[in-house]
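Input: a single structure, listed below in structure tokens.
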Amino acid sequence: MKQKNILFPLIIVLVSMFCGCSDDNDSNDDHTTIDRKEYFTLWNNCDALSALKEYVEDVTNQNSKNFIKQEDRIATFDMDGTFVGELYPTYFEYNLLEYRALNDAAYKDLAPADVKEAAQEIRDFVRQGTALPAHFDMKHAQAAAKAYAGMTIAEFDSYVKSYAKNNANGFKGMTYSQSFYLPMLQVFDYLKDNGFTCYVVSGSDRFICRALVDEIGIEPNRVIGMDVKLTSTNQGDAEGVNYTMASEENLVRTDELIIKNLKTNKVLQITQEIGKVPVLSFGNSGGDCAMHNYCLSNTYRSAAFMLIADDDVRDHANRDKALSLGEDWRKAGYHVISMKDDFRTIYGDGVEKVDFTFDTK
């Protein structure tokens, strides 16, 4: 039965004008007027929110010694577990690979052995709690590169969006495409209105990220993620420098992994693609620490925020682990956002945490 999209209207309201400067700002003279509308209706009063608002008001005040020019107000956001649900029961891109290799009737019998192996390891982790092998992030990345090789960019985008329409496992009343942390979308709205340009910097595949965040209006050129090499339809083995693509050709994914965008690779990609050091950074795991530390190295006043998944009532979470990580993040100089204490809602009204269910086929 087709599920009613109960969150889409709220998402549209929250991010109808997603973060980033535009030519229709009041002026280009760095004069900033903070709209006093209530941005944070889905938040409780908390230290992290107070810190964010104090920071933004300070660095957008032309009379402050910490004033930051609008063109330098760069904010970077991790995706999974930072503003998109992660624990249902694991990363979206892991769930997608498991489906692709083990359930997709059009592909599963064609999947290479190593792709099936990685997908089975995800399934065993999710269903039985079997630990993933060491460095599985890279094993998954290599397997994912192979699993979608040969798809055009448009075909892959459609494939991701089609899978995302499925009900999010472990929840009632929400699809994967709706699984945004709504309080964090209000952060985007607030930053946009204060002249910040926001980028998604994720370890997940860049084109998966683009497909998911298209739902909330994030421009594709503000998404950085894991990358595979692309080719054109008739290019064959020719190097791009020796081949001229024709107008009727399409771009196609290959099985060649370029980069897994985690840890210091996030910093390298930010430098390559943005060319400026962020002044704000948002994440949720150790894979984001390098990005945070890079941000905090800025000569401008800067700040980093870590979200912890400590709400085991409204979400699937390991509360003890999250609280321990929260202490580590505070010691590292990051502000900590508690999903349990700081969010009035996570996914919106009508969404309920339930037990995971699994297809036994």
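In the stretch 134-149, the residues that are closer than 18 Å to Asp80 by Cβ never reach a residue that is hydroxyl-bearing (Ser, Thr, Tyr) and surrounded by fewer than 16 Cβ atoms within 10 Å (Cβ to Cβ) with C-beta atoms less than 8 angstrom apart, at least six apart or across chains.
Scanning the stretch 281-300 for residues that are among the hydroxyl-bearing types (Ser, Thr, Tyr) and either surrounded by 14 or more Cβ atoms within 10 Å (Cβ to Cβ) or touching a Ser or Thr at 6+ places or on another chain (Cβ under 7 Å) (or both) returns Ser281, Ser285, Tyr294, Tyr300.
Those residues that are in a helix (DSSP H, G or I) and surrounded by fewer than 23 Cβ atoms within 10 Å (Cβ to Cβ), I need them from the stretch 185-206; list them, please. Correct list: Leu185, Gln186, Asp189, Tyr190, Lys192, Asp193, Arg206. When you check Glu38 against the structure, is it charged (D, E, K, R), under 21 Å from Gly348 (Cα atoms) and modelled with pLDDT of 50 or more, yes or no? Spelling it out, Glu38 is indeed charged (D, E, K, R), under 21 Å from Gly348 (Cα atoms) and modelled with pLDDT of 50 or more. For Val252, indicate whether it is part of a helix (DSSP H, G or I) and hydrophobic (A, V, I, L, M, F, W, C). No; evaluated as a whole, the condition is false for this residue.
Residue count for the stretch 262-280, restricted to those that are in a loop (DSSP other than H, G, I, E, B), surrounded by 13 or more Cβ atoms within 10 Å (Cβ to Cβ) and either at pLDDT below 95 or not β-branched (Val, Ile, Thr) (or both): 4. Does the stretch 51-59 contain any residue that is touching a His at 6+ places or on another chain (Cβ under 6 Å), under 28 Å from Ala309 (Cα atoms) and in a helix (DSSP H, G or I)? Yes - at least one qualifying residue is present in the stretch 51-59. Which of the residues belonging to the stretch 220-240 are basic (Lys, Arg) and either on the phi > 0 side of the Ramachandran plot or in contact (Cβ under 8 Å) with a residue 40 or more places away in the chain (or both)? Arg222, the sole residue that qualifies.
Within the stretch 159-184, being more than 16 Å from the chain's Cα centre (by Cα), assigned to a loop (DSSP other than H, G, I, E, B) and among the small types (Gly, Ala, Ser) holds for Ala168, Gly170, Gly173.
Is one or more of the residues making up the stretch 215-231 of a type in the set (Ser, Thr, Tyr), surrounded by fewer than 16 Cβ atoms within 10 Å (Cβ to Cβ) and outside the structural domain of Ala51 (by TED's automatic domain parsing)? No, the stretch 215-231 contains no residue that is of a type in the set (Ser, Thr, Tyr), surrounded by fewer than 16 Cβ atoms within 10 Å (Cβ to Cβ) and outside the structural domain of Ala51 (by TED's automatic domain parsing). Exactly one residue among Phe156, Phe136, Phe125 is more than 28 Å from Asn250 (Cβ to Cβ), surrounded by 14 or more Cβ atoms within 10 Å (Cβ to Cβ) and within 20 Å of the chain's Cα centre (by Cα), and that residue is Phe136.
Scanning the stretch 316-361 for residues that are within 20 Å of Pro89 (Cα to Cα), among the charged types (D, E, K, R) and in a loop (DSSP other than H, G, I, E, B) yields Asp355, Asp359, Lys361. Considering (1) surrounded by 23 or more Cβ atoms within 10 Å (Cβ to Cβ); (2) under 21 Å from Ile74 (Cβ atoms); (3) of a type outside the set (Gly, Ala, Ser), the lone condition that Val336 does not fulfil carries the number (2).
The values are calculated or read from the model by the stated rules, or taken from the named source; none is laboratory data. None of these values were measured; they are calculated from a predicted model. Counting neighbours? That spans all protein chains shown, and the Cβs are built from the backbone with ideal geometry, glycine included.
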